[in-house]
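The next block holds one structure in the form of structure tokens; read it before the comments.
Just so it is clear, none of the values below were taken in a lab; they were calculated from the coordinates. The shown structure was predicted, so the numbers you read here are calculated from the model rather than taken from an experiment. Backbone-built Cβ (ideal geometry, glycine too); neighbour counts: all protein chains shown.
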Amino acid sequence: ILVAVIILATINGLSLREYYFKFEKEQWDDAAQYVAQHAGHDDLILFNATWTQIPFDYYFRHFNHPATEHGVPVDMFERDVLEPKMTPADLPRMWSLVGQHERVWLIYSHDWYTDPTKIIPTELSQELELLDKQSFQGLEVHLYSKSND
């Protein structure tokens, strides 16, 4: 029995070491700081996975930056689904939100479930100019702008 306890303790110790020293958490703090430092007062911030607004806002609020934020396809809990999937039928709502702003930030995370066919960035890139794209652990930040043609 002592040998079994030692083996179990060793396995648990190794797994804890992996978790605490090698686990890479999503960089919501760095992404929020980046957006706060570069966003204009009339910019729109969109979230493709609506619940990701929670960790983003946890850090973003410290910068006291006024921002208009919305989820696409819907705002959080609007459909009583935590992570609704984006479909082409959701595009009119997205464009009605985007149409009110010159610049749009897309906080893009967990897209393998919420936007597996990449509808959001594809559509935004067809109508807007991609000015910036930053990668953080677990998410991307895209900045789009209406062209000045």
Exercise. Along each of the three principal axes of the Cα atoms of the chain, give the extent in whole Å, ordering the values from largest to smallest.
Key: 74, 33, 24
Practice problem: May I ask you to evaluate 6.51 cos²θ - 1.76 cosθ + 1.60, the Karplus curve with θ = phi - 60°, for each residue of the stretch 46-52 and list the ³J(HN,Hα) values in order in whole Hz, giving x for glycine and proline? | Solution: 10, 10, 6, 10, 4, 5, 5
Practice problem: Measure nothing fancy, just the Cα-based angle from helix 28-38's long axis to the longest principal axis of the chain, in degrees from 0 to 90, nearest 10. | Solution: 30 degrees
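Got the relative contact order for the stretch 25-145 handy, in percent, Cα pairs under 8 Å and 6 or more residues apart?
It rounds to 31 percent for the stretch 25-145.
Work out the count of Lys pairs in the chain where the Cα-Cα distance is under 24 Å, with the pair 8 or more places apart or on different chains.
8
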Quiz item: Rounded to the nearest 0.05, what FRET efficiency is calculated for Tyr58 and Arg17 with R0 set to 25 Å and r the Cβ-Cβ distance?
Solution: 0.35
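Could you tell me which GluC sites (Glu not before Pro) in the stretch 1-102 are loop residues by DSSP with no more than 16 other beta carbons within 10 angstrom of their beta carbon?
Working: sites: Glu18, Glu24, Glu26, Glu69, Glu78, Glu102; in loops: Glu24, Glu26, Glu78, Glu102.
Sites meeting the loop and neighbour criteria: Glu24, Glu26, Glu78, Glu102.
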